[in-house]
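Asker: The structure is given below, and queries will be raised subsequently.
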Amino acid sequence: MADSIRHSQTGNARNIFCVGMLSSEVSGPGRRSKTRFPIALQIRYRTFGTPEFSGSGKTVNLSSQGIFIAAKGQHELSVGAGVEILADWPVLLDGTTPLQLKVLGRVVRSDTSGFAVSFTNKNTEFQITKRGPEAFTG
């Protein structure tokens, strides 16, 4: 799934960084250069700047360059807003440890049904976490 994986130790939290995740090319003309993979993951998000919003939703699809999130009834985010997304990953590390996918990006499209984010950080981070609606850990 990933071209390479690096492990790092930060304080008491162990992080796994994946590089080049989901990088299938699309042939032919079109707006998108990467394949979108349909995947439904529970997410939490927060924006940066003023005003700051946070909310939750569910992924609709994911590629190596972006993500679309269905967030009906949430705030309609401003195009260009910086956003951090935490997604509950469906596969356990070593079959026992829950993971969260953490990505940073910019909102490129937003309406009442959800929003699209283009990733600004090429190093996608998987964090070891507890399952549940805990707050952002920063």
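Bear in mind these aren't lab numbers, they're just calculated from the coordinates by the rules spelled out. What you see is a predicted model; the values in this text were computed from it and never measured. Because the Cβ atoms are built from the backbone with ideal geometry, glycine has one as well, and the counts that use them run over all protein chains shown.
Asker: Just to check I understand the Karplus step: with θ = phi - 60° and J = 6.51 cos²θ - 1.76 cosθ + 1.60, what whole-Hz values come out for the range 54-61, glycine and proline as x?
Answerer: These are the phi-based 3J(HN,Hα) values: 9, x, 9, x, 9, 5, 9, 8 Hz.
Asker: Moving to a separate point now. Quick one: net charge around V107, please, counting Lys, Arg +1 and Asp, Glu -1 for every other residue with C-beta under 14 Å from its C-beta.
Answerer: -1
Asker: Once the dipole of the range 36-138 is set up with Lys and Arg at +1 and Asp and Glu at -1 on Cβ about the Cα centre, which of L62, L101, A87 lies farthest towards its positive end?
Answerer: L62
Asker: Let me ask you something else. What ³J(HN,Hα) values, in whole Hz, does the Karplus curve 6.51 cos²θ - 1.76 cosθ + 1.60 give for the range 37-49 when θ = phi - 60°, with x put for Gly and Pro?
Answerer: For the range 37-49, the Karplus curve yields 10, x, 7, 10, 10, 6, 10, 10, 9, 8, 9, 10, x Hz.
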